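K.L.:
Would you mind keeping the following structure in view while I ask a few things?
The values are calculated or read from the model by the stated rules, or taken from the named source; none is laboratory data. The structure presented is a predicted model; accordingly, all values stated were derived computationally and were not measured. We place every Cβ from the backbone using ideal geometry, glycine too, and count neighbours over all the protein chains shown. When the accessible area is computed, the model is the full protein with side chains, heavy atoms only, and any ligands, DNA or RNA have been set aside. Shrake-Rupley method; radii C 1.70, N 1.55, O 1.52, S 1.80 Å.
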Amino acid sequence: MVAEVHPHRPTVSFELMPPRRPDAAPNFWETAQRLVAARPDFVSVTYGAAGGDRATSREVLATLLRGTPVLPVAHLTCVGASREDVSEVIDEFLDAGVRSFLALRGDPPRDEPDWRPADDDVRSSIDLVRLLRQVDERRCAADASTALRSAARPLTIAVATFPDGNPGAGTTREQEVRRLLEKQEAGASFAITQFFYRAESYTGFVESARSAGVTIPILAGILPATEARRLRRVEELTGVAAPAGLLRELDRLTGPGGDVDPEAQHERGLQYSTTLARDVLDAGAPGVHVYTFNKHRPALDLLERVGLTGRAAA
């Protein structure tokens with residue numbers, strides 16, 4: 001049966017990371033199948049720095065397009081790539097049937113502290129949004145059938161935004177608001193926030209963005225806080241620090257032998273993230289985008305606690 005769509009329900013979406021090794025593929029696809037079974041509105045598929053896992057990402061997207069009813073959104077990065085190279089990648093994704101993208105600048109090479117983009121590189125996510133629109137327009141102008149398909153399935157471009165500023169880029173909230181406005185003007189369809197740990201991070205950012213003229217939807221990104229180890233690792237990767245009090249609580253949850261009690265951490269972290277998700281939804285967030293790190297249980301347990309499972313009755 002076709003799922004009934006309730007127009008005022010919050011959206012649900014997940015981020016998936018393609019497996020980097022063949023032996024990781026079975027676990028990845030089990031996770032993907034469990035998440036797809038929750039009938040999310042879309043699933044975003046990451047794309048490594050400088051396109052390191054480009055072929056795998058394209059394969060995952062093609063499989064989702066062919067075999068599931070879920071809309072796949074392709075991450076696309078541009079750091080260190082020429083306009084010609086990025087245009088070629090966009091053509092490949094469009095040829096595969098992908099019509100939804102998350103346009104990201106990407107991270108510069110970690111082993112090159114003085115790295116600067118070349119003159120012919122796509123230099124920012126704003127440039128990438130413009131280039132996505134231009135490539136699609138070029139393809140439509142060259143072929144009437146392509147133009148018709150584009151009219152029936154318009155190109156959708158999501159962008160990232162950082163509600164407390166971007167530690168990696170050294171930006172403030174105010175600067176991120178201005179950048180989001182520029183992304184909107186370049187042709188972005190909606191935004192997904194970096195994960196955050198306080199409801200005010202989201203609500204305050206949205207208030208500032210709306211005051212500045214941002215009108216596109218701003219989707220709340222949530223990382224289930226069910227593992228202290230994971231929270232510390234993502235801080236290393238992103239610069240976004242979990243509350244010290246929450247980490248202390250999770251660290252104290254040990255078993256009789258003094259080792260970490262994963263079930264107790266899972267439960268406490270789930271309580272924290274459930275409250276956070278409910279607070280931002282109650283404040284008007286259009287939905288939640290769950291950063292899964294390819295772990296289905298925390299994501300699905302979070303949706304169940306928030307009451308977003310079964311939101312579209314089969």
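K.L.:
Would you work out the relative contact order for the chain, in percent, from Cα pairs under 8 angstrom that are 6 or more residues apart?
P.N.:
20
K.L.:
Okay, next question. For the chain, find the longest principal axis of its Cα atoms and tell me its angle to the long axis of helix 228-238, 0 to 90°, nearest 10.
P.N.:
Computed tilt is about 30 degrees.
K.L.:
For the chain, with all protein chains present and a 1.4 Å probe, just round the carbon and sulfur fraction of the accessible area to a whole percent.
P.N.:
Carbon with sulfur: 49 percent of the solvent-accessible area.
K.L.:
For the range 123-223, take the convex hull of the Cα atoms, compute a quarter of its surface area, and give me that in nm², please.
P.N.:
The Cα convex hull of the range 123-223, projected and averaged over all directions, gives 7.2 nm².
K.L.:
Helix 296-306 versus the longest principal axis of the chain: what is the Cα-based angle in degrees, 0 to 90, to the nearest 10?
P.N.:
Between the helix axis and the principal axis of the chain, the angle is about 80 degrees.
K.L.:
While we're here: For the pair Glu200/Arg232, report the inter-label distance in nm, with labels modelled 7 Å from Cα in the Cβ direction.
P.N.:
Each label point lies 7 Å from its Cα, and together they span 2.8 nm.
K.L.:
Relative to the Cα centre, what is the charge dipole magnitude of the range 230-289, using +1 at the beta carbon of each Lys and Arg, -1 at the beta carbon of each Asp and Glu, and rounding to the nearest 20 debye? Each step should come with its number before you reach the end.
P.N.:
Numbers: 7 positive and 10 negative charges, 24 e Å.
For this selection, approximately 120 debye.
K.L.:
Please identify which residues in the range 230-247 have an amide N closer than 15 Å to a label point set 7 Å out from the Cα of Arg20, following the Cα→Cβ vector.
P.N.:
233-234, 236-238
K.L.:
Report, as a whole number in µm² per second, the diffusion coefficient that Stokes-Einstein gives for the chain at 10 °C and 1.306 mPa s using the Kirkwood radius over alpha carbon pairs.
P.N.:
This corresponds to a translational diffusion coefficient of 78 µm²/s.
K.L.:
Hey, another quick one. Counting Lys and Arg as +1 and Asp and Glu as -1, what is the net charge of the other residues whose Cβ lies under 10 Å from the Cβ of Val70?
P.N.:
The answer is 0.
K.L.:
Right, next: Enter the Cα centre distance for the pair the range 292-310 and the range 213-281, rounded to the nearest angstrom.
P.N.:
Centre-to-centre distance over Cα atoms comes out at 13 Å.
K.L.:
For the range 120-176, what percent of Cα pairs sit more than 16 Å apart?
P.N.:
Working: 931 of 1596 pairs.
The share of Cα pairs beyond 16 Å in the range 120-176 comes to 58 percent.
K.L.:
Suppose the chain between Gln271 and Ala212 were pulled fully straight at 0.36 nm per residue; how much longer would it get relative to their current alpha carbon spacing?
P.N.:
Contour length minus Cα-Cα distance gives 17.9 nm.
K.L.:
Using alpha-carbon pairs under 8 Å, 6+ residues apart, how would you state the relative contact order of the range 217-288 in percent? All intermediate terms of the calculation are to be shown ahead of the outcome.
P.N.:
On the way: 63 pairs, mean separation 34.9, N = 72.
That works out to 48 percent.
K.L.:
Moving on to the next point. Compute, for the chain, the length of the dipole vector about the Cα centre, with Cβ point charges of +1 (Lys, Arg) and -1 (Asp, Glu) only. Units Debye, rounded to 20.
P.N.:
Charge dipole, the chain, about its Cα centre: 660 debye, nearest 20.
K.L.:
Still on this structure, I have one more. Considering only protein heavy atoms, what per residue accessible area in square angstrom results for the range 222-314 with a 1.4 angstrom probe?
P.N.:
Counting only protein heavy atoms, the per-residue value for the range 222-314 is 47 Å².
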